[in-house]
Amino acid sequence: MKMKNYVLKTLAYNKQVRIFFLENTDMIKEICNHGNISKSLKTALGKTVSIATLLSGTLKGNQRVSIKINASNRNYKLFADVDSMGNIRGYINDALLNTPLDNKNKLSVEELIGDKGYIQVLKDLGMHSIFTGTTDMPYGNIVDDFSYYFKQSEQTDSFFSVNMVYDGNGEIALCRGIMAQLLPGAPSILIDTIKEIISENQTILGESENFKEIPYLLFRDIEVVEQFPVQFLCGCSKEVFYPMLYSLNKEELVEAYKSEKPMEIVCNVCGKKYSFSSQEIKGLVQ
Ligand SMILES: [Zn+2]
């Protein structure tokens, strides 16, 4: 089977830097296309998920990374979770999904994040070792804010780039990303060189038919070390939604089972619908 979504892991500049190239057009379409979300929300979610996906390529064993983007309006949040097997999930919280502001005023990503946005990263490194980092978002475009995050919070020189291209109907036509990180001992200035090369070659990134050629088109001294498959995996099940029913008050539940109509809960992450029969609801109340 042809691998649709994957990360090409490479080493470049005499193995002083790792550069990951991500092709995830299909996955981002799948994540962004259920529910009716605006273009800027698709862009914000697509960028957040792409960065998280690039980071999944750095994980080992049962390590996991969770990202939370908090907009200046504290009700609005975006999430992405990844593991070392390339399982990816990303979603927008209810308040942001349902904001009338966005549809009416056509907010840009920068306007959505505002000047008081911040990033929270939680790394579960396994063996009960948790690392958390928080930084503000001086760029407000998510992508450059992650370069800033890594410098501030993890003292790593990094550069991220995410290309999202839309067709004439506002549908996602392409999504690709790059992450470059200097390895210990590499001269700090190297990240600027790489940033320049990637910025000058946006056309190649956005248009090249043969994705696997891109590393060689951009860099002379580069070696592909692995092709790492990634996939959208929500992991939801009916059981996951029982606590949501518990959070309703007892009168609502009694009313629901008396009406003898099933209750339907839709997963915000993948769009899957779960139905709870009046008998199941009755079981919860007793
Ligand atoms: Zn789901």
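The values are calculated or read from the model by the stated rules, or taken from the named source; none is laboratory data. Worth saying up front: this structure is predicted, and the values here are computed from it rather than measured. Positions of Cβ are backbone-derived with ideal geometry, glycine not excepted, and every protein chain shown enters the neighbour counts.
If the requirement is being within 28 Å of Arg89 (Cα to Cα), more than 14 Å from the ligand (Cβ to nearest atom) and aromatic (Phe, Trp, Tyr), which of these qualifies: Tyr274, Tyr257, Tyr246?
Numbers: Tyr274 fails: more than 14 Å from the ligand (Cβ to nearest atom); Tyr257 fails: within 28 Å of Arg89 (Cα to Cα).
Checking each option against the conditions leaves just Tyr246.
Specify which of the listed residues (Gly57, Gly90) is within 16 Å of the ligand (Cβ to nearest atom) and either under 25 Å from Leu8 (Cα atoms) or without any contact (Cβ under 8 Å) to a residue 24 or more places away in the chain (or both). Can you show your working first?
Numbers: Gly57 fails: within 16 Å of the ligand (Cβ to nearest atom).
Step by step, each of Gly57, Gly90 is checked, and only Gly90 is within 16 Å of the ligand (Cβ to nearest atom) and either under 25 Å from Leu8 (Cα atoms) or without any contact (Cβ under 8 Å) to a residue 24 or more places away in the chain (or both).
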Taking first residues from the stretch 22-43 that are at positive phi and second residues anywhere that are of a type outside the set (Ser, Thr, Tyr) and part of a helix (DSSP H, G or I), the pairs with Cβ under 7 Å that are 6 or more apart or on different chains are Gly35/Leu97
Among the residues of the stretch 238-248, the number that are over 28 Å from Cys32 (Cα atoms) and either touching a helix residue (DSSP H, G or I) at 6+ places or on another chain (Cβ under 7 Å) or exposed (fewer than 14 other Cβ atoms within 10 Å of the Cβ) (or both) is 1
The lone condition Asp221 fails out of (1) away from the ligand (no atom under 16 Å from the Cβ); (2) at pLDDT 90 or above; (3) not assigned by TED's automatic domain parsing to the domain that holds Gly177 is (3)
Quiz item: Is at least one residue of the stretch 261-275 touching a His at 6+ places or on another chain (Cβ under 8 Å) and either at negative phi or surrounded by fewer than 15 Cβ atoms within 10 Å (Cβ to Cβ) (or both)?
Solution: yes
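Answer yes or no as to whether Glu239 is within 16 Å of the ligand (Cβ to nearest atom), over 18 Å from the mean Cα position of the chain (by Cα), modelled with pLDDT under 95 and outside any strand (DSSP E or B). Explain how you work it out, then say what you get.
Numbers: within 16 Å of the ligand (Cβ to nearest atom): yes; over 18 Å from the mean Cα position of the chain (by Cα): yes; modelled with pLDDT under 95: yes; outside any strand (DSSP E or B): yes.
Spelling it out, Glu239 is indeed within 16 Å of the ligand (Cβ to nearest atom), over 18 Å from the mean Cα position of the chain (by Cα), modelled with pLDDT under 95 and outside any strand (DSSP E or B).
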Note: among Glu280, Glu251, just one is outside the structural domain of Asn36 (by TED's automatic domain parsing), in a helix (DSSP H, G or I), surrounded by 11 or more Cβ atoms within 10 Å (Cβ to Cβ) and at negative phi, namely Glu280
Of Phe232, Phe219, the only residue that is touching a residue at least 24 places away in the same chain (Cβ under 8 Å), more than 30 Å from Asp81 (Cβ to Cβ) and buried (at least 17 other Cβ atoms within 10 Å of the Cβ) is Phe219
